[in-house]
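Scroll down for the structure; my scribbles are underneath it.
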């Protein structure tokens, strides 16, 4: 699929390539399976590519940076909005007994939401500022910030900072590697795998600690057989 996207992008004019950057950066937030990092790096490579078979593009690093960061920020804002809306309508409105609300509450009870809000609030803005660097967790962080009803301005200031730093690195990596931009995919794969192992370890630790707390609470307050 990536090769088809690359071949297609190479046929586009500069203005459409900027729009492509915006769209791919946006969709990567909203539809996580869509890869956004490598296509952004590829566009960066077009700034410095020397392959005579590739049409010449007069792309600007600054505009590539602006359009990709704008797409990343808007995608984050949309997922934040979804989380905020679900938090308000499903958990904030106790009289909302729609099928959707009942289903969400059944699989994710209100007490679990409070646990998420308490734990997330400890590191919330740091996580948001690092969200672009946390591959595989970007949508979770944006939705969680909305569910927790964190300050809109500070959330999106941190998200913007994260987007401009990460996209600058991707585009510069593409410029630096030029014709060899695909090598960046190997680095991103290794980085993503290492990060995924770390995240799974952290999640496993918190799940274990949660189970142990629940077990200890039951032992301290055993159910009354008369009730």
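The values are calculated or read from the model by the stated rules, or taken from the named source; none is laboratory data. As the structure is a computational prediction, the values presented were derived from the model and not from experiment. Cβ atoms come from the backbone with ideal geometry, glycine included; neighbour counts cover every protein chain shown.
Figures for the structure shown
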| quantity | calculated |
| --- | --- |
| Among the candidates 160, 176, 134, residue that is at pLDDT 90 or above and closer than 30 Å to residue 45 by Cβ | 160 |
| Unique match (being exposed (fewer than 13 other Cβ atoms within 10 Å of the Cβ), within 23 Å of residue 171 (Cβ to Cβ) and either touching a helix residue (DSSP H, G or I) at 6+ places or on another chain (Cβ under 9 Å) or at pLDDT below 85 (or both)) among 20, 42, 8 | 8 |
| Filter result for residue 113 (surrounded by 15 or more Cβ atoms within 10 Å (Cβ to Cβ), more than 17 Å from residue 77 (Cβ to Cβ), at pLDDT below 85 and over 16 Å from the mean Cα position of the chain (by Cα)) | yes |
| Matching residues in the range 3-45 - criterion: being closer than 15 Å to residue 183 by Cα and touching a residue at least 60 places away in the same chain (Cβ under 8 Å) | 37, 38, 40, 41, 42, 43, 44, 45 |
